[in-house]
Number of protein chains: 2
Amino acid sequence: MYSASVYIALMHFPVYNRNGQVVTTAVANMDIHDIARTARTYGVKRFFIVTPIPEQKELVSRILHHWKEGYGAEFNPSRKEAFDMTEVRKDLDEVLASIRKTDPEVQLVATGASLDNALIRHDALGKAIRESRQAQLLLFGTGSGLTKDIVDLADCCLEPIRGPAAYNHLSVRAAVAITLDRLLGR
Amino acid sequence: MYSASVYIALMHFPVYNRNGQVVTTAVANMDIHDIARTARTYGVKRFFIVTPIPEQKELVSRILHHWKEGYGAEFNPSRKEAFDMTEVRKDLDEVLASIRKTDPEVQLVATGASLDNALIRHDALGKAIRESRQAQLLLFGTGSGLTKDIVDLADCCLEPIRGPAAYNHLSVRAAVAITLDRLLGR
């Protein structure tokens with residue numbers, strides 16, 4: 001087990017759409033389930049679903065309640081275990097305020113398929129997580145990725161995932177899985 | 001780029017449900033999209049969606065047609081590119097017959113969270129793929145995993161994915177992503 005706290009946030013705003021416009025994406029039920037299970041598998045401390053839209057926050061809260069305390073908790077205890085560390089927040093400030101209650105110093109790491117500046121390699125970040133106590137918050141964008149404003153806020157950017165092919169259109173669910181495995185899986 | 005052909009099959013039958021009964025699972029639209037994109041990213045030669053139910057085959061064919069040749073192909077060319085190597089088949093025999101037209105010799109590799117017999121490690125299989133021309137077909141189970149009959153048919157079993165935590169309930173979409181990255185991503 002590694003020693004630093006690792007957090008992840010799935011951002012639904014501010015992100016780009018396919019045309020480069022800043023939008024708020026809808027929360028996908030599948031994202032919540034998939035990413036919570038992956039996060040729990042890799043020992044992530046908390047998974048934050050970030051959306052500024054009150055109705056979307058309410059929807060996510062109801063889904064989480066179903067699996068944490070409602071019928072779902074009895075039906076599928078392993079899903080409860082994954083959702084016990086999953087929370088919904090309105091923005092990055094709220095996420096950071098929540099993390100700082102237990103981890104006052106946290107490094108913000110942006111991720112994305114087209115990042116090319118201030119890159120840190122997966123092996124270097126994985127080593128830092130294993131060997132230091134510096135908490136890390138990994139930011140993942142939905143839609144076509146995090147906006148420049150959010151990337152500029154981050155302390156560093158993680159090198160994009162590349163396969164052997166030129167094609168580079170992973171889903172955010174696959175990107176989270178591969179990223180956590182590269183950082184925490186060995 | 002590696003030299004062997006790698007194929008993957010997502011099996012909807014025969015698989016276990018949560019109670020250990022042999023069932024046919026429903027095809028999930030999200031699986032098709034996610035796994036096709038991941039497969040394309042890692043240079044997989046073909047992704048087979050396997051279901052014996054005619055109505056499910058028809059549904060998958062319609063989804064694939066939409067993105068390969070219908071409106072979707074124009075709307076999202078990168079999705080077309082992923083779906084161009086995605087096919088639906090009724091069973092493993094049909095998959096093997098299709099592969100053998102171009103790759104007469106193919107090794108069957110079972111995957112699953114609870115496999116414990118005849119295990120091959122990710123690095124060993126990755127090395128084999130890079131250094132030999134032996135084609136590989138990776139079998140992924142939906143539901144609670146491939147049945148013993150299918151596992152027994154396979155030439156070998158891939159070591160299960162483990163994170164640092166004891167929890168071990170990845171979605172099949174996450175398992176495919178992590179497996180392909182471990183085998184083909186470096």
Would you check if there is a residue in the range A:112-121 being at pLDDT 95 or above, more than 30 Å from A:GLU58 (Cα to Cα) and more than 14 Å from the chain's Cα centre (by Cα)? yes
Just one listed residue, out of B:ARG162, B:ARG182, B:ARG130, is touching an Asp or Glu at 6+ places or on another chain (Cβ under 9 Å) and either aromatic (Phe, Trp, Tyr) or within 30 Å of A:ARG130 (Cβ to Cβ) (or both), and it is B:ARG182
Filtering the range A:117-129 down to residues that are part of a helix (DSSP H, G or I) and open to solvent by 70 Å² or more (accessible area, probe 1.4 Å) yields A:ASP123, A:LYS127
Of all residues in the range B:130-164, which are out of contact with any Leu (no Cβ under 9 Å at 6 or more places or on another chain), small (Gly, Ala, Ser) and either in a loop (DSSP other than H, G, I, E, B) or facing chain A (nearest Cβ under 9 Å) (or both)? B:SER132, B:GLY143, B:SER144
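The values are calculated or read from the model by the stated rules, or taken from the named source; none is laboratory data. All figures in this text were calculated on a predicted structure; none of them were measured in a lab. Here the Cβ is made from the backbone with ideal geometry for all residues, glycine too, and neighbour counts use every protein chain on show. Heavy atoms of the whole protein, side chains included, go into the accessibility calculation; ligands, DNA and RNA do not. Shrake-Rupley method; radii C 1.70, N 1.55, O 1.52, S 1.80 Å.
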